[in-house]
Amino acid sequence: MIWQSEVIQAVSWLYCGPPMETDAGWLVLAHGVGPMRTYRIGAILLDLDNPKRILGQLRQQLLSPALDEQDGYVPNVFYSCDALAHAETMVLTYGTGDAAIGCRCPNYLTD
């Protein structure tokens with residue numbers, strides 16, 4: 001158990017919250033920054049028994065800010081600190097522009 005928690009802590013620095021255990025593996029959300037400080041949220045899937053092994057990753061972002069979410073105290077910032085995955089539903093809360101919060105339910109099985 002100590003080894004597993006150390007791996008989870010090492011992955012958390014990607015930070016959109018802790019990894020979520022699913023039937024397919026550990027689902028890890030991460031945010032990245034592109035040109036003009038435009039943030040996007042993506043996902044990777046890690047093996048349940050060996051979290052060092054990446055099973056898959058999205059080729060496109062899972063979420064990006066809507067046009068009305070790109071302005072704020074810090075423009076273009078779009079990030080999440082937590083999500084909940086249950087069955088086929090994910091509830092993802094996020095902050096935008098360091099000025100507002102939102103909630104979306106992307107279908108993480110197909111998105």
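The values are calculated or read from the model by the stated rules, or taken from the named source; none is laboratory data. Quick caveat: nothing in here was measured; it's all calculated off a predicted structure. Cβ: placed from backbone, ideal geometry, glycine included. Neighbour counts: every protein chain shown.
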Checklist entry - Filtering region 1-20 down to residues that are among the aliphatic types (A, V, I, L, M) and within 26 Å of Thr96 (Cβ to Cβ), which residue is modelled with the lowest pLDDT? => result Val11
Item to check | Filter result for the condition that a residue is modelled with pLDDT of 80 or more, surrounded by 11 or more Cβ atoms within 10 Å (Cβ to Cβ) and acidic (Asp, Glu), over Asp49, Asp23, Asp82 | outcome: Asp82
Checklist outcome for this item: Considering residues that are loosely packed, with under 14 Cβ neighbours inside 10 Å and either at pLDDT 80 or above or among the β-branched types (Val, Ile, Thr) (or both), the number found within region 26-39 is 1
Checklist entry - What pairs come up if the first residue lies in region 66-94 and is touching a residue at least 40 places away in the same chain (Cβ under 8 Å), the second is among the basic types (Lys, Arg), and their beta carbons are under 7 Å apart, counting only those six or more places apart or on different chains? => result Asn76/Arg37; Leu92/Arg104
Next on the checklist: Within region 70-97, take every residue that is under 17 Å from the mean Cα position of the chain (by Cα) and of a type in the set (D, E, K, R) and give me the one that is farthest from Met20 (Cα to Cα).
Outcome noted: Glu88
Next on the checklist: For region 52-69, give me each residue that is at pLDDT below 90 and either of a type outside the set (D, E, K, R) or closer than 17 Å to Pro19 by Cα (or both).
Outcome noted: Gln57, Leu58, Gln60, Gln61, Leu62, Leu63, Ser64, Pro65, Ala66, Leu67
Next on the checklist: Would you confirm, using the coordinates I've provided, whether Gly42 is buried (at least 18 other Cβ atoms within 10 Å of the Cβ) and on the phi > 0 side of the Ramachandran plot?
Outcome noted: no
